[in-house]
Amino acid sequence: MLTISVTSIAATEDPSSTADVSPRILRLMTRRRVIESIDGNVLPMRNAMLFRRKGRFWLDILRPGRYMCVLMFWGLMTLLFMTLLAKFALLNTLHDLNLDRSEFITARSVEISIRTNKLITEGDNIIISEFKETPLPLKLTLPDIWTKPNADLYYKCVQRSSKDIISGEPTNGYILVHSNGGLNQMKIGISDMVAIAKVMNATLVLPSLDHNSFWTDPSDFKDIFDWKHFVEYLEEDISVVDHLPPAYASIKPLQRAPVSYSKASYYSNQMSSLMKKHKVINFTHTDSRLANNGLPNPIQRLRCRAMYEALKFTDEILELADKLITRLRDDDKPFIALHLRYEKDMLAFTGCSHNLSKAEDEELRQLRRSVRHWKEKHINGEERRRQGVCPMTPREVAVFLEAIGFPSDTKIYIVAGNIYGQDGVKALQDKYPNIYTHSNLATEDELSPFNNRQNKLAAVDYTVALESDVFVFTYDGNMAKAVQGHRKYEGFRKTIIPDKKNFVKLIDRMDKGLISWEEFSMKVKILHANRTGGAVLRKPGKVVKSEESFYANPYPGCICEK
């Protein structure tokens, strides 16, 4: 049986002994001890004084100046611990949500680039330059597939200043030019030669075109370009003549291949000295003979005037191109111009044979070995593809366009020659049946003046590509450079620039079932949201040969900001 009795210590003592004790102390003494009785055994219970001591302990702890340092130390340690926990939790969350950096840019960067066209990528780094912070929507927004970049803040700036106009002083000599390569390589080279003639104070003889390239086109300058317009447009810049005057016709020209990517000083000093001595120089090569950057502004502007204004195609070429454009737009719907450079010569040159048969691969290898001026003979095509330097296959183009969001009824005009491989464009046409070329869009009579004139047909295709609603290229060759630069010059018309290195990774992952179509498409859209031909500054590189081409992006130089 359990009985509990509470007895005051004061009650067991002599009452007279408590006479001098204050009532408060007496009350405390009365509550001092509790006696627990279990079966007659008396034991002491918990002493109330213990609680009083604990109370005094916490009062002492909180007393200023005594234990405050210890309290603050442990408080800070606790705060640090909680901060680390929060950090690791946040990093784990971001890791789950983060999109692979090597595959595409962040959603916020996309938003900034869409609003300002100021997103610049260098390698794996993203650099945002000069943008105004604006409120962003909660949901990522991407531009319409047909919407061109905003060009309101930019304008052409290629006008001559009064001091740039030639004053009629005697010429230092004559430059003969042998343009090498295909149409666009020659066109770029001729534009450089116009600028070089200005630097050397020389007279330019109408250039001769290459008849020994892969296409062996016999067309010459007057067959492709409006030569009278070329001479008249440049008459305030340089003197251009049809042929050498009789007094110089008997002079043996000095043969020279100028050093690639040279500055203006190379021509104003070394080449000018040779010209004053020999009077006539024949430049045997014109490709990439002038630097992309570091040239005086008047020279850069002259290059653009030559490329985009003076080198006008003949009326015959422009008339056929206009007919094809009219037929493509007969239902008032936009169309894509696709430079599908999946052609035999390019595949042999690059060593790319993805999705081709072994026999086709061997045929390309034999062609590469037979062309003496193609220096690389043994190439790992798959490694090239992973590096993003191979032309996209027709199937890859179809998947790419679908992922971007172009519907299957989109009209596509192919600005290229015959597509190589036994399947040709079948993989593309299965998804996009409205495929056009000059061959199936023009009549036989319309094409008859262009038979065996691949450079003239390339000029027709160039014009259609320039005027298209969207231009897409699958290989960064000379036509891709020339057309995209011209479209920038004409107000930043939309040009989709595939990120092939990352696209190849994505399509291979999708083909292996590692990502769904929805995820693949979303990543492709974000990856290319700011690769639409907007205003991005051309910057010099560490190696001149790897710099962005001046003719692919004439900003700065020929495009200025308001």
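The values are calculated or read from the model by the stated rules, or taken from the named source; none is laboratory data. Since the model is a prediction, treat every value here as computed from it, not as a measurement. Note that we place each Cβ from the backbone using ideal geometry, even for glycine, and neighbour counts take in every protein chain shown. These accessible areas exclude ligands, DNA and RNA; they are computed on the full protein's heavy atoms, side chains included. Shrake-Rupley method; radii C 1.70, N 1.55, O 1.52, S 1.80 Å.
What to note about this one:
- Inter-label distance, residue 229 to residue 162: 3.1 nm, where each label sits 7 Å from its Cα along the C-beta direction.
- From phi via Karplus (6.51, -1.76, 1.60), per-residue ³J(HN,Hα) for the range 196-205 in Hz, x at Gly/Pro: 5, 4, 5, 4, 8, 6, 10, 9, 9, 7
- Per-residue extension of 0.36 nm, minus the Cα-Cα distance of residue 212 and residue 452, leaves a gain of 85.0 nm for this segment.
- Taking all protein chains into account, the per residue accessible area for the range 447-507 stands at 26 Å² (1.4 Å probe).
- What the range 159-309 shows is 43 Å² of accessible area per residue, with the surface traced by a 1.4 Å probe over protein heavy atoms.
- Amide H within-cut-off set for residue 555, under 5 Å, with H built and near neighbours excluded: 538
- Interchain or long-range residues, amide H under 5 Å from residue 173's placed H: 203
- Using the Cβ-Cβ distance between residue 560 and residue 242 with R0 set to 35 Å, the FRET efficiency works out to roughly 0.50.
- Only protein atoms count toward the accessible area here, which uses a 1.4 Å probe; on the range 159-309, the carbon and sulfur part of that area reaches 50 percent.
- On the beta carbon distance between residue 147 and residue 387, with R0 = 25 Å, the FRET formula returns roughly 0.20.
- Difference of contour (0.36 nm per residue) and Cα-Cα distance, residue 222 to residue 327: 35.0 nm
- Simple spin-label estimate for residue 537 and residue 257 gives 3.6 nm between the two label positions (7 Å along the Cα-to-Cβ direction from each Cα).
- Relative contact order %, the range 257-299, counting alpha carbon pairs below 8 Å whose residues are six or more apart: 65
- The range 284-438: C-alpha gyration tensor shape, a/c 1.5 cut-off, then a/b vs b/c: oblate
- Within the same chain, lysines fewer than 8 places from residue 279 are excluded, and of the rest, those with a Cα less than 21 Å from its Cα are 198, 252.
- Förster-model FRET efficiency, 22 Å R0, residue 516 and residue 408, C-beta, rounded to 0.05: 0.65
- For the range 159-309, the relative contact order works out to 36 percent when only alpha carbon pairs closer than 8 Å and six or more residues apart are counted.
- Using a probe radius of 1.4 angstrom, the carbon and sulfur fraction of the accessible surface of the range 319-429 is 46%.
- The local environment of residue 375, defined by Cβ-Cβ distances under 12 Å, has a net charge of +3 under the rule Lys, Arg +1 and Asp, Glu -1.
- Peptides 311-317, 251-257 ordered by average Cβ neighbours within 10 Å, highest first: 311-317, 251-257
- Per residue, the accessible area of the range 356-396 comes to 67 Å² when a 1.4 Å probe rolls over the protein heavy atoms.
- Solvent-accessible area assigned to carbon and sulfur over the range 483-541 amounts to 53 percent, based on a 1.4 Å probe.
- Spread of Cα-to-Cα distances over 5 Å intervals beginning at zero, given as percent, for the range 345-389: 5, 26, 35, 23, 10, 1
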